[in-house]
Amino acid sequence: MSNVAQSAALELNGSQNLKKWGGWILGVGIWFLPLLWTDLTTYLVLTVAGITMGMLLFLTASGFTIILGLMDVINLAHGAFFAWGAYTGFTALTLLNKYGWVETGSLGQSVGSILICLVLALAIGWVLGVILEWLLIRRTYGSHLKQILITMGAALVMAEIITIFWGPNDEVVQTPAAFTGSIDVFDVIVEKFRLLAILVGGAVFIAMNWVLHKTKLGIIVRGGVENGEVVQTLGHNIRRIFTYVFAAGAALAAMGGTMWSIYTQEIRPDMGEENLIFALIVVVIGGMGSVTGCFLASLMVGLAFNYVAFSAPTLALGVNIMIMAVILLLRPSGLMGRD
Amino acid sequence: MPDTVLTLEGVQTFIDQHHILQGVSLEVPAGQALVLLGRNGAGKSTTLRTVMGLTPASRGSIVFDGADITQARPYEIARAGIGFVPEDQAVLYTLTVEENFRLAMLSEDEASFARQEAVFELFPDLKKFWKSKAGVLSGGQKQMLAIARTMVNDHKLLLIDEPSKGLAPILVDQLAESLNQIKSHTTIVLVEQNFHMASQVGQDYYILDDGLVVHQGVMSDLAQDHELKQKYLGIA
Ligand SMILES: Nc1ncnc2c1ncn2[C@@H]1O[C@H](COP(=O)(O)OP(=O)(O)OP(=O)(O)O)[C@@H](O)[C@H]1O
Ligand SMILES: [Mg+2]
């Protein structure tokens, strides 16, 4: 009797290990798979592009995952912050260009332009986030259905307001002169702006980890993601903290939007929707509420998208959905999610 | 200092449509451990959770240390001076032992760190696992962490829900000893199914049944009263 139970337990343990390792092997292996059909140089270019995309995805998805983990709020308007950030940056760049800072300016002016864009996007995202949280989100605590309906409505309204201010058409976004063009690293062509995007994304990841692990606020947030009730009974006003977290998440998404629009050199009023889909995929793969999981998942999605888009563009999004499905089969709670 | 720390008067609590507490009245005298008894589902945990503001009372009043806290939010109640050790999942698994302490420490001043040092003497294991995730602790160690963590604050009152659940008898005795030390400076309300533990720690008791107080008295009398124990607690 106990023997049967024991071997059953062992088997369970074994299959759990298999699942765990399966997930990791898949996660790491995917980085090298494309070498089967591309040469090394192309592979490295695609890798840089994938990491860039991953870093920028991380900016949106990380906010989404913490908001979901901390207050169990599904915010489908998160992509709208991304679009608003992009349009804010676009407006700033257009203005700065009139003063000769963008297309022609010096290195200092280019760096200044980017900094101004990022700061303005962060500010706009923060303000919009606070407004949305006060106006709508806090009325939906506890009901996913309400959240989905209301934030979907908010996303539509926010996209509509963009068309009122900026018109419904695509616009071209200028990249500041110092960040156009590329550098050649052993035959691998690396666009300068990609390096900047990787730098910004990496810096945000490091800063976020620092806040989450080294500050009391971070401990409260991580504790709250695990069990908000306990954290409240220890004397912390989770709701107020959530407002800040929500605003910070919105600000990061807006910053991601600016970076993304400069990277792709175009903006559209509905650009938030596409980004939201990627963010959702990333959050599901990474595990809800986990920042490190989100970071890994962002990189995976960015890389997979680029590797596949190179040889079979129409499959690029599909392959990410497939990865999501496989990960969910192996680890239902995502890479770093709790069971 | 008033000699009653906490007073509940006709407290009624609904969870969704269910009328769980149907008018609970009780008084917690300062400087002792008061025990809440009653069979499973009697409403003991709900009583503590209602005091903490987690399932707010819809009628009646809760007065703590002279202030009405009936409508206060959980974090305000904690800051007012009530420490809470819930029934399950009290510690945060993904945080280290140290972080669990830091989360609980309301003001990071010298006095709090001094109390933290004193807590280590009561629960030396915790220092050993200081940098480990609380999730790796054993059940007993988790329970100790949940209690110890609240003691870094200068709480007037501790609400502790079934700390002996799932502990080996020897650990239960240790825990009882710790609680006896704690109650020398902090008033305790203890929910406890383990009668042995309850009688080791508690002075006054209240028995709840179906969301009402059905009996009260002192533990030493209850130990003798087999009929009462049989009727409400289902023990001989
Ligand atoms: N979230 C809830 N939804 C519905 N009913 C609930 C909920 N929580 C508690 N109850 C009900 O309230 C009653 C009292 O529960 P409570 O947890 O307070 O009992 P208890 O005395 O602590 O029991 P135990 O000794 O088993 O812990 C029970 O009948 C329970 O089913
Ligand atoms: Mg209970």
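Just a few scattered comments:
This table checks each residue for (1) crowded, with 19+ Cβ neighbours inside 10 Å; (2) not assigned by TED's automatic domain parsing to the domain that holds residue B:104.
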residue	(1), (2)
B:131	no, no
B:140	yes, no
B:170	no, yes
B:184	no, yes
B:195	no, yes
B:200	no, yes
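- Subset tally (residues that are within 16 Å of ligand 2 (Cβ to nearest atom) and not in a loop (DSSP other than H, G, I, E, B)) for region B:35-60: 11
- Considering residues of region B:68-121 that are aromatic (Phe, Trp, Tyr) and within 23 Å of residue A:225 (Cα to Cα) only, the residue most open to solvent (accessible area, probe 1.4 Å): B:93
- Single match in A:283, A:308 (criterion: more than 18 Å from residue A:260 (Cα to Cα) and open to solvent by 20 Å² or more (accessible area, probe 1.4 Å)): A:308
- Positions within region A:230-263 being within 14 Å of chain B (Cβ to nearest Cβ), of a type in the set (A, V, I, L, M) and in a helix (DSSP H, G or I), in sequence order: A:230, A:231, A:238, A:241
- Of all residues in region B:186-213 being within 13 Å of ligand 1 (Cβ to nearest atom) and in a loop (DSSP other than H, G, I, E, B), the one that is nearest to residue B:85 (Cα to Cα): B:192
Okay, residues lined up against (1) over 29 Å from residue B:132 (Cβ atoms); (2) more than 8 Å from chain A (Cβ to nearest Cβ):
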{"residue": "B:55", "(1), (2)": "yes, yes"}
{"residue": "B:61", "(1), (2)": "yes, yes"}
{"residue": "B:71", "(1), (2)": "yes, yes"}
{"residue": "B:74", "(1), (2)": "no, no"}
{"residue": "B:84", "(1), (2)": "no, no"}
{"residue": "B:88", "(1), (2)": "no, yes"}
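- Test: residue in region B:76-90 that is over 22 Å from the mean Cα position of the chain (by Cα) and of a type in the set (A, V, I, L, M, F, W, C): no
- When B:70, B:94 are checked against the criterion of being polar (S, T, N, Q) and farther than 30 Å from residue B:218 by Cα, a single residue qualifies: B:94.
- Considering residues of region B:38-53 that are within 11 Å of another protein chain (Cβ to nearest Cβ) and aliphatic (A, V, I, L, M) only, the residue nearest to ligand 1 (Cβ to nearest atom): B:48
- Of the residues screened, residue A:221 is not one that is away from chain B (no Cβ under 14 Å) and touching a residue at least 60 places away in the same chain (Cβ under 8 Å).
- Test set (1) more than 9 Å from every other protein chain (Cβ to nearest Cβ); (2) more than 16 Å from ligand 1 (Cβ to nearest atom) - residue B:79 fails condition number: (1)
- Enumeration of residues in region B:148-168 that are part of a loop (DSSP other than H, G, I, E, B), more than 16 Å from ligand 2 (Cβ to nearest atom) and in contact (Cβ under 8 Å) with a residue 60 or more places away in the chain: B:151, B:153, B:154, B:155, B:156
- Within region A:246-267, the set of residues being out of contact with any strand residue (DSSP E or B) (no Cβ under 8 Å at 6 or more places or on another chain) and surrounded by fewer than 24 Cβ atoms within 10 Å (Cβ to Cβ) comprises A:247, A:248, A:263, A:264.
- Any hit, region A:180-194, residues being free of Cβ contacts under 8 Å to residues at least 12 places away in the same chain, more than 30 Å from residue A:326 (Cα to Cα) and surrounded by 21 or more Cβ atoms within 10 Å (Cβ to Cβ): no
- For the condition in contact (Cβ under 8 Å) with a residue 60 or more places away in the chain and open to solvent by less than 20 Å² (accessible area, probe 1.4 Å), residue A:76 does not qualify.
- Just one residue in the set A:143, A:113 is of a type in the set (Ser, Thr, Tyr) and either more than 29 Å from residue A:173 (Cβ to Cβ) or in contact with an Asp or Glu (Cβ under 7 Å, 6 or more places away or on another chain) (or both); that residue is A:143.
- Flag for residue B:171 being out of contact with any Phe, Trp or Tyr (no Cβ under 6 Å at 6 or more places or on another chain), of a type outside the set (Phe, Trp, Tyr) and either within 16 Å of ligand 1 (Cβ to nearest atom) or part of a helix (DSSP H, G or I) (or both): yes
Yes or no, residue by residue, for (1) more than 13 Å from residue A:294 (Cα to Cα); (2) within 23 Å of the chain's Cα centre (by Cα); (3) open to solvent by less than 10 Å² (accessible area, probe 1.4 Å):
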position: A:21; (1), (2), (3): yes, no, no
position: A:42; (1), (2), (3): yes, no, no
position: A:51; (1), (2), (3): yes, yes, no
position: A:59; (1), (2), (3): no, yes, yes
position: A:72; (1), (2), (3): yes, yes, no
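- Residue B:13 satisfies every condition listed in (1) more than 14 Å from every other protein chain (Cβ to nearest Cβ); (2) among the hydroxyl-bearing types (Ser, Thr, Tyr); (3) more than 10 Å from ligand 1 (Cβ to nearest atom) except (3).
- Qualifying positions in region B:156-168 - within 16 Å of ligand 1 (Cβ to nearest atom) and either over 16 Å from residue B:35 (Cα atoms) or among the β-branched types (Val, Ile, Thr) (or both): B:160, B:166, B:167
The values are calculated or read from the model by the stated rules, or taken from the named source; none is laboratory data. None of these values were measured; they are calculated from a predicted model. In this analysis, Cβ positions are derived from the backbone assuming ideal geometry, glycine residues included, and neighbour counts consider all displayed protein chains. Ligands, DNA and RNA are excluded from the accessible area calculation, which covers all protein heavy atoms including side chains. Shrake-Rupley method; radii C 1.70, N 1.55, O 1.52, S 1.80 Å.
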